[in-house]
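A short worksheet on the structure shown next.
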Amino acid sequence: MEYQNVTLSLPKEVLRRAKHIAIERGVSLSGLLTQLLEELTRKEDAYGRAKAMLDTFDLATEGNIN
């Protein structure tokens with residue numbers, strides 16, 4: 001996997017708390033952010049796939065339940 005450096009501007013309190021969470025989890029702040037962003041992108045991908053599947057069905061019943 002290829003990596004790219006980024007610069008973030010975060011509120012100081014958010015950064016302080018995020019560093020503590022990273023320490024508690026035994027990862028670096030970069031590792032914590034990577035985990036969170038990977039989880040977010042997986043969920044978004046899964047949502048997109050599920051929505052695409054639902055869009056292929058005609059769910060309108062026009063008031064009839066048959």
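Summary of computed values
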read-out	value
Rounded to the nearest 10 Å², the accessible area of D45 at probe 1.4 Å	90
Table column - 3J(HN,Hα) (Hz), segment 12-26, Karplus curve with 6.51, -1.76, 1.60, x for Gly and Pro	4, 5, 5, 4, 4, 5, 5, 4, 5, 4, 4, 4, 4, 8, x
Gain in span if fully extended, S28 to E2, counting 0.36 nm per residue against the direct Cα distance	7.6 nm
Listed residues L37, L54, L29, most fluctuating in the chain (Gaussian network, C-alpha, under 10 Å)	L54
Percent carbon-and-sulfur accessible area, the chain, ignoring ligands, DNA and RNA, probe 1.4 Å	57
³J(HN,Hα) computed for each position of segment 27-41 - Karplus, 6.51 cos²θ - 1.76 cosθ + 1.60, integer Hz, glycine/proline x	10, 7, 4, 4, x, 4, 5, 4, 4, 5, 5, 5, 4, 4, 5
Solvent exposure, largest accessible area first (probe 1.4 Å, DNA, RNA and ligands not counted), of K12, K19	K12, K19
Accessible area of the chain divided out per residue, in Å², using a probe of 1.4 angstrom	99
Per-residue SASA entry for L15, accessible area with 1.4 Å probe, Å² rounded to 10	50
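The values are calculated or read from the model by the stated rules, or taken from the named source; none is laboratory data. For clarity, every value in this text was computed on a predicted model and none was experimentally measured. We work out accessible area using only protein heavy atoms, side chains counted, and drop any ligands, DNA or RNA first. Shrake-Rupley method; radii C 1.70, N 1.55, O 1.52, S 1.80 Å.
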